[in-house]
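Following: one structure in structure tokens, then a few remarks.
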Amino acid sequence: MSSAAPDRNEVEPLIETVELRTHFRTPRGIARAVDGVTLQIRRGQSLGVVGESGSGKTVLSRSIMGLLPRNGVIREGSVRYGGEEIGNRTPKQMRSIWGREMAMVFQDPMTSLNPVMKVGKQVTESLRLHLGMSSSEAMAVAEKIFRDVRIPEPTRRLNQYPHELSGGMRQRVMIAIALACGPNMLFADEPTTALDVTVQAQILDLLSEQIRDRNMSMLLVTHNLGVVAGYTDEIAVMYGGKVVERAPTKVLFSNVKMPYTEALLQSIPRMNQPSHSRLAMIPGRPPDLVNPPTGCRFAPRCAYARDVCVREEPPLVQAETPDHTFACHFPVGSAEYHERRVELNRASTTTAEVL
Amino acid sequence: MKTYKRRSGRVLGATLASLMVFAVACGGGDDGGSSGETDTTEGSGTSEAPSTEAPEGEPVVGGTLRVGLEADVDGLNPTASALAISGLTMAQAVFDPLFTFTADGDVVPYLAESITPNADFTEWTLKLREGVTFHDGTPLTVDAVIKQFEITRNDPLVGLAVRPYYPETDAVAKIDDLTMVFKPLEPSQFFPSALTAQLGYIASPTWLDALAADPTLEQQPVGTGPFKFDSRTEDSVTKFVRNDDWWGTSVMGPVYLDAIEFYPVPDADTRTELLLNGDLDILHTTDTNQFETYRDDSSLTLSIDDSGEEYFLMINTAKAPFDDVRVRKALALATDRQGYFDLFNAGEGRLADQMFIPESPYYNPDVVQEGNDPEGAAALVAEYCGEDPTAEDGTALCTDGKVNMEYQWSGPSVLATRIADFYNESWSGSFNVTFDEKNQQDHIQETALGIYNVVGWRQFGAENPGDDRVWLECRNIGGISLNWPRYCSEERDALIKEIANPASPDERAGLLQQLVQNIHDSYAYIFMTHSSWAVVNSSAVHGMCDRVSPGGDALPCSTNGRMFFSSIWLS
Amino acid sequence: MRYYVQRVALAILLLLAVSMLTFGALNVLGDPLFNILGPVAGDVNNPDSIKMIEVAKREFSLDRPLPVRYAIWLSDFVRGDFGVTFSSTGQPPVSGVISERLPRTVTLVAMAQFFAIFVSIPWALITASRAGKVSDRISTLNAFFLVAMPNFALAVILKYVFSIKLGWMPLTYVADDPLRSRLFQMILPALTIGLPVAAVYQRLLRTDIITTLQQDFILLARTKGLSRPRILLLHALRPSLFSFITVVGLNTGALIGGSIVSETVFRIPGIGSTLVESVLRNDFPVVLAIVMIVASSFVVINLLVDFAYTLIDPRVRR
Ligand SMILES: Nc1ncnc2c1ncn2[C@@H]1O[C@H](COP(=O)(O)OP(=O)(O)OP(=O)(O)O)[C@@H](O)[C@H]1O
Ligand SMILES: [Mg+2]
């Protein structure tokens, strides 16, 4: 939202990754879930990470935060937080950052809250740990945060268990937990997918409002481009573990370059449509991360792909619009793209006539 | 096998001489650790002299003696409880017997002041000590003795072995408060030995009355003894404290111990460990495997006594094929006695030829228990089976030239089963052996009712050897036979009667030797080993052998596992 | 509420069934007369013996038909009268035997359960947090070893090591000692039956904790910056306790079974050793009383387990 940031080059990024790779050792071989991602998030900025299921969004956010287990995971590249390298820190060393500097909101508030602990305790836990508050102080703060995230009757809610709250209310609790210690960086991994459509917007509004009020940065993971549209400053589109297009939100929507991004845009569920029409799915399957296709990873599913796409991996290039990069041989708007487009239209009309 | 025995073998009876308890070697292992059943034993023939502690300074008053027993008792009621060695040991701390055996084997008055027979030994006039009171304050009079006698005689179990020896009426008569008469059925020179143990432990009549109303009181005995009942938890610990008003103090010296605690520990290893750890001061055991351990420890004093019971195989002579003496003899010949001894006796104890040990004046050197002669056995069996004998119901008694028989023991027990296998091996040349493992109740029951061929048994431990008559006389054959082999010999009964009659010691020895010969010739028992009892005490225990009778005779330090406490002191 | 009424009714039915079965089985399988009369019981040709047998039968109601005897027993039992022991005097009363011995067994079983729980929980937490590492594998081996070892073997080993070799622990139990020493004397017997059960609990709890550790809320707890022990104790343990509690309840039976061995080896006069003795002696009233007590405690404990769920999981509360 607040794209009114001043000169971007002046502000040091809060989070920066350079060629971040996160690979899993699996029985089949090495799965390249995140494969060389470079991105920056400046203070007060929100980055939306979009992509199909399995494209590596969750792994990316957890890898940045250092939450992945160390067994069977290969992590390379650099992660800097406030200019300091944190990519090589142990979980023990990360503990002072977690909760206090960085926090995460999970996808499913049903499973992400401890079912046998009163929510008040779950909120105050980190307050007491990081800020050394007494339990009554922490309770007071928790109540205030509950009010901030617009939980009605906060005093009573604090004494309730998760199962006594509705899904939306639980997600508010999650947000309250994340916000408790006033972190600088918030990771929100599909914070609304598990919620009722009517609640989704409320939660996102709340999130972005809090981000703005507290001058926090956010990495918002979603597979729904529609969601990020209103709530982020920048968008990174992921496919097969790589960032394939990246641009300020407004720019991206006005000037899509990747056919993949375009396909994602077409699959945005409309709020006014019945929910079963939600996904105009992209045909084909996401790439195998153990044996990724050569060349462009999207090529096997891309209607506009040509021989070169299968042979050569397209480099990340600058688009004509500012701060906009993408990796495609024949981006939307190119001559080849149009040529293929016409053919496709014709084909589909023919099919329609036949039918 | 050791643990669950306490309540099982119930009392059967008392003889004229001493109350007897079912002597069931736990499945037949004589020394391998059976528990809780024997009777009084002979004081005269200790094979290893109990090492009397050299007088180590002056006795001191005080302290609690902790005694390890091989079993607990059901109760401490002399009129009804099964008093085995453990029970007798406990009983003699609270009760005083009317008479007692001296170290020389004579019977002398103890709680009684005197006893006088009439000319033909059919009436015995007993005089009690004056001024004795029970722990509950009741004064001792002959009423107590009479009451106790009648209750005992009417007890369905204990009375079994008393009833045959007294007339139904006028068996006892009061003369005055301290004088009474016993009138046994038959004359016996040794009548007082009947009053040295269970029948002679006089309990408070007040307590016996209370007991009739509340039998739980049998856990809290009231006698006249050197110690009084303090507390008791069955299967765990029983505590007696010194009776400061004991009548014996003035005639036999002071009682030193403040208290005695009895710990029934059926597992012999554990009992030993407790002694070695200092958790016990003294214990008794029949587990020969432990003897070496005791010898190795210089701080322990060990005394072994095998003058008491014998372990033997017992044959039912009333039932075919063993109604034929040739078959009984064949079984004896076939038995590998030496092998048994080598295998199961851990190098301790000795083989028995008869009911007396060689040191006994009654030992008959001419009587040798046959065994280890398979050829001899085969010859006898061949002769017997050649006659094609059949049982009453027509079944053949022999198969393939071998005699069919059954060996019964009480189980389940690993040791007993091994012993059965062992016997089978030595018998199988001439016998087709069927194994019959029974639970202990049925084992006792069937032995008493004569539904058996061959069993392992322990018995013949009376201190006065004539008192073993209960197992031997024709009159004790019946539905329930205390004469388990059901062997009746008029000649033997006559001998037994004669033994009870007045005679010079030499005559008496001669008669007993004849009895031994008679028993041998019946081939109803195959004597295996003399059972050994060990009493072991730590170096803190003194004065065990300083006991004297009221008349000043030296009393035995211990008798076949029975311990006595009135003279013990602790350093 | 209705649920609990149903549960209790079911429990009573169950206990009735148990008592009927036990009563029937005992009376079919054994003859208590021997314990009352000795060999006289079998001496059926002797008029004197027959008279004694008849008297005893009348006295102990053995002449009545089985259902009548059951009815008599049951009506006495529910009124708290457990009957008389089958001994020559009918003494001591069964309730006397039970009231003297039951507390010891209860203490033993409670202590064993206490050890089992408080050994298994930290053990499970530690191994679950190191699942798959060497220490976890060694512990798995240990657990299997403990589970596989017969109770009496463990008893003997514990006794040998701690009482005989090291001399730290007393060898046997002494009922007259002061309470503190008695509790001390119960430690080894309780460990004897508690350790194998602890191993069972540990296996189960470890698996459940590992499953819980994969839950999202554990990850959330991590993102709060909580330390590992804190997460294990405050977040992972409680939600992992469900099957644990069920098994704790069910295992009370196993502990009572184990107490028979332990009481025997360590000379504790409790109901376990009494049960064995009474079975061997055909002392039915004692056997029945003990069976009923064990069965009732089993039922009650499992009701308590139901209740414990609600303590652990607020979602079950109604
Ligand atoms: N621990 C792991 N071991 C092996 N492979 C893993 C592991 N975690 C994730 N992956 C793989 O990494 C890839 C990326 O997973 P990730 O969860 O990041 O996808 P995503 O983009 O978040 O998808 P979704 O929208 O479904 O959440 C997937 O193919 C997944 O199978
Ligand atoms: Mg995801």
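Just for helices (runs of 4 or more DSSP H) wholly inside segment B:220-323: which have at least 3 residues that are within 23 Å of B:I568 (Cβ to Cβ) and in contact with a strand residue (DSSP E or B) (Cβ under 7 Å, 6 or more places away or on another chain)? Talk me through it step by step, then tell me what you get.
Working: elements: B:248-252, B:268-276, B:291-296.
The helices (runs of 4 or more DSSP H) meeting that bar are B:268-276, B:291-296.
Given (1) more than 14 Å from every other protein chain (Cβ to nearest Cβ); (2) in contact with a helix residue (DSSP H, G or I) (Cβ under 9 Å, 6 or more places away or on another chain); (3) among the acidic types (D, E), where does B:E218 come up short, assuming only one miss?
Single failed check for B:E218: (1).
Given the criteria among the aromatic types (F, W, Y) and closer than 15 Å to C:G83 by Cβ, does C:F284 qualify? Talk me through it step by step, then tell me what you get.
Values: among the aromatic types (F, W, Y): yes; closer than 15 Å to C:G83 by Cβ: yes.
Here the answer is yes, as C:F284 does meet what is asked.
Considering only segment B:221-252, state which residues are within 13 Å of chain C (Cβ to nearest Cβ), aliphatic (A, V, I, L, M) and within 25 Å of B:E130 (Cα to Cα).
Within segment B:221-252, B:V241 is the sole residue that qualifies.
May I ask you to say which residue of B:P550, B:P556 is in a loop (DSSP other than H, G, I, E, B), open to solvent by less than 20 Å² (accessible area, probe 1.4 Å) and either farther than 18 Å from B:E261 by Cβ or among the hydroxyl-bearing types (S, T, Y) (or both)? Spell out the reasoning first.
Working: B:P550 fails: open to solvent by less than 20 Å² (accessible area, probe 1.4 Å).
Criteria check complete, one pass: B:P556.
As an exercise: evaluate C:G80 against (1) part of a loop (DSSP other than H, G, I, E, B); (2) within 14 Å of chain B (Cβ to nearest Cβ) and give the number of the one condition it does not meet.
For C:G80, the failing item is (2).
Among the aliphatic types (A, V, I, L, M) and open to solvent by 10 Å² or more (accessible area, probe 1.4 Å) - does that describe any residue in segment B:126-142?
Step one: filter segment B:126-142 for residues among the aliphatic types (A, V, I, L, M), giving B:126, B:128, B:132, B:140, B:142.
Imposing the further condition that a residue be open to solvent by 10 Å² or more (accessible area, probe 1.4 Å) reduces the set to none.
So far as segment B:126-142 goes, no, none of its residues is among the aliphatic types (A, V, I, L, M) and open to solvent by 10 Å² or more (accessible area, probe 1.4 Å).
Return only the number of the condition from (1) within 13 Å of chain B (Cβ to nearest Cβ); (2) among the acidic types (D, E); (3) farther than 23 Å from C:S273 by Cα that C:D136 does not satisfy.
Unmet condition: (1).
Go through segment A:186-239 residue by residue and tally those that are under 14 Å from A:R42 (Cα atoms), open to solvent by less than 10 Å² (accessible area, probe 1.4 Å) and acidic (D, E).
The qualifying residues number 0.
I'm trying to understand the selection: among the residues of segment A:295-304, which are closer than 15 Å to A:V244 by Cα and of a type in the set (A, V, I, L, M, F, W, C)?
A:C296, A:F298, A:A299, A:C302
Yes/no per residue for (1) free of Cβ contacts under 8 Å to residues at least 40 places away in the same chain; (2) over 25 Å from A:T22 (Cβ atoms); (3) more than 16 Å from ligand 2 (Cβ to nearest atom):
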position	(1), (2), (3)
A:T198	yes, yes, yes
A:E234	no, no, yes
A:Y239	no, no, no
A:L264	no, no, no
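Among the residues of segment A:145-159, what is the count of those that are open to solvent by 20 Å² or more (accessible area, probe 1.4 Å) and not in a helix (DSSP H, G or I)? Can you show your working first?
Start the filter on segment A:145-159 by keeping residues that are open to solvent by 20 Å² or more (accessible area, probe 1.4 Å), which leaves A:147-148, A:150, A:152-153, A:155-157, A:159.
Next cut, not in a helix (DSSP H, G or I) only: A:150, A:152-153, A:159.
Final tally of qualifying residues: 4.
Take segment A:12-53 and flag every residue that is closer than 20 Å to A:P69 by Cα and away from ligand 1 (no atom under 11 Å from the Cβ).
Our first condition is that a residue be closer than 20 Å to A:P69 by Cα; within segment A:12-53, this holds for A:17, A:19-37.
A:T17, A:E19, A:L20, A:R21, A:G36, A:V37, listed by residue number.
With the structure loaded, tell me whether B:I444 is more than 30 Å from B:E375 (Cβ to Cβ) and surrounded by fewer than 17 Cβ atoms within 10 Å (Cβ to Cβ) or whether it fails that test. Steps first, please.
Values: more than 30 Å from B:E375 (Cβ to Cβ): yes; surrounded by fewer than 17 Cβ atoms within 10 Å (Cβ to Cβ): no.
Spelling it out, it is not the case that B:I444 is more than 30 Å from B:E375 (Cβ to Cβ) and surrounded by fewer than 17 Cβ atoms within 10 Å (Cβ to Cβ).
So C:R206 ticks every box in (1) within 14 Å of chain A (Cβ to nearest Cβ); (2) more than 20 Å from the chain's Cα centre (by Cα); (3) not acidic (D, E) but one. Which box is left unticked?
(1) is the only condition that C:R206 fails.
Residue-by-condition table, conditions (1) assigned to a helix (DSSP H, G or I); (2) within 35 Å of the chain's Cα centre (by Cα); (3) within 24 Å of B:G479 (Cα to Cα):
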site	(1), (2), (3)
C:R7	yes, yes, no
C:N27	yes, yes, no
C:F34	yes, yes, yes
C:I53	yes, no, yes
C:S61	no, yes, no
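Mind listing just one residue for me: the one in segment A:94-138 that is within 16 Å of ligand 2 (Cβ to nearest atom) and surrounded by 22 or more Cβ atoms within 10 Å (Cβ to Cβ) and, of those, nearest to A:R156 (Cα to Cα)?
A:P109
Just one of C:L154, C:L166, C:L171, C:L146 is open to solvent by less than 30 Å² (accessible area, probe 1.4 Å) and over 16 Å from C:R267 (Cα atoms); which is it? Before you say what the answer is, go through the steps one by one.
Values: C:L154 fails: over 16 Å from C:R267 (Cα atoms); C:L166 fails: open to solvent by less than 30 Å² (accessible area, probe 1.4 Å); C:L171 fails: over 16 Å from C:R267 (Cα atoms).
Step by step, each of C:L154, C:L166, C:L171, C:L146 is checked, and only C:L146 is open to solvent by less than 30 Å² (accessible area, probe 1.4 Å) and over 16 Å from C:R267 (Cα atoms).
For A:R100, only one of the following conditions fails: (1) assigned to a loop (DSSP other than H, G, I, E, B); (2) more than 9 Å from chain C (Cβ to nearest Cβ); (3) of a type outside the set (S, T, N, Q). What is its number?
Going through the list (1) assigned to a loop (DSSP other than H, G, I, E, B); (2) more than 9 Å from chain C (Cβ to nearest Cβ); (3) of a type outside the set (S, T, N, Q), A:R100 breaks only (2).
Looking at segment A:26-43, is at least one residue more than 12 Å from A:M238 (Cβ to Cβ), within 16 Å of ligand 2 (Cβ to nearest atom) and within 14 Å of chain C (Cβ to nearest Cβ)?
There is no residue in segment A:26-43 that is more than 12 Å from A:M238 (Cβ to Cβ), within 16 Å of ligand 2 (Cβ to nearest atom) and within 14 Å of chain C (Cβ to nearest Cβ).
So which of C:L220, C:L226 is within 14 Å of chain A (Cβ to nearest Cβ), part of a loop (DSSP other than H, G, I, E, B) and open to solvent by less than 20 Å² (accessible area, probe 1.4 Å)? Before the answer, list the steps.
Details: C:L220 fails: part of a loop (DSSP other than H, G, I, E, B).
Of C:L220, C:L226, the one residue that is within 14 Å of chain A (Cβ to nearest Cβ), part of a loop (DSSP other than H, G, I, E, B) and open to solvent by less than 20 Å² (accessible area, probe 1.4 Å) is C:L226.
Suppose we filter B:G543, B:G510, B:G561 for residues that are open to solvent by 20 Å² or more (accessible area, probe 1.4 Å) and of a type in the set (G, A, S); which single one remains? Spell out the reasoning first.
Values: B:G543 fails: open to solvent by 20 Å² or more (accessible area, probe 1.4 Å); B:G561 fails: open to solvent by 20 Å² or more (accessible area, probe 1.4 Å).
Of B:G543, B:G510, B:G561, the one residue that is open to solvent by 20 Å² or more (accessible area, probe 1.4 Å) and of a type in the set (G, A, S) is B:G510.
May I ask you to say which residue of B:P215, B:P167 is surrounded by 20 or more Cβ atoms within 10 Å (Cβ to Cβ) and either under 30 Å from C:L102 (Cα atoms) or free of Cβ contacts under 8 Å to residues at least 60 places away in the same chain (or both)? Let's see the steps before the verdict.
Details: B:P167 fails: surrounded by 20 or more Cβ atoms within 10 Å (Cβ to Cβ).
So the residue among B:P215, B:P167 that is surrounded by 20 or more Cβ atoms within 10 Å (Cβ to Cβ) and either under 30 Å from C:L102 (Cα atoms) or free of Cβ contacts under 8 Å to residues at least 60 places away in the same chain (or both) is B:P215.
If I filter segment A:74-88 for residues that are without any contact (Cβ under 8 Å) to a residue 24 or more places away in the chain, within 14 Å of another protein chain (Cβ to nearest Cβ) and either within 13 Å of ligand 1 (Cβ to nearest atom) or assigned to a loop (DSSP other than H, G, I, E, B) (or both), do I get at least one hit?
Pass one, segment A:74-88, residues without any contact (Cβ under 8 Å) to a residue 24 or more places away in the chain: A:84-86, A:88.
Among the residues that remain, those that are also within 14 Å of another protein chain (Cβ to nearest Cβ) are: A:86.
Add one more test, that the residue is either within 13 Å of ligand 1 (Cβ to nearest atom) or assigned to a loop (DSSP other than H, G, I, E, B) (or both), and what stays is A:86.
Taking every residue of segment A:74-88 in turn, at least one turns out to be without any contact (Cβ under 8 Å) to a residue 24 or more places away in the chain, within 14 Å of another protein chain (Cβ to nearest Cβ) and either within 13 Å of ligand 1 (Cβ to nearest atom) or assigned to a loop (DSSP other than H, G, I, E, B) (or both).
In segment A:152-189, which residue that is among the charged types (D, E, K, R) and within 13 Å of chain C (Cβ to nearest Cβ) is nearest to ligand 2 (Cβ to nearest atom)? Don't jump to the end; show me each part of the working.
As a first pass, look at segment A:152-189 and keep what is among the charged types (D, E, K, R): A:153, A:156-157, A:164, A:170, A:172, A:189.
Next cut, within 13 Å of chain C (Cβ to nearest Cβ) only: A:164, A:170, A:189.
Values: A:E164: 28, A:R170: 19, A:D189: 6 Å.
Restricting to residues being among the charged types (D, E, K, R) and within 13 Å of chain C (Cβ to nearest Cβ), the top hit is A:D189.
The values are calculated or read from the model by the stated rules, or taken from the named source; none is laboratory data. Here the structure is a predicted model, which means the values were calculated and not measured. For neighbour counting, all protein chains shown are included, and Cβ atoms are generated from backbone atoms with ideal geometry for every residue, glycine included. Surface areas here come from the heavy atoms of the whole protein model, side chains and all, with no ligands, DNA or RNA. Shrake-Rupley method; radii C 1.70, N 1.55, O 1.52, S 1.80 Å.
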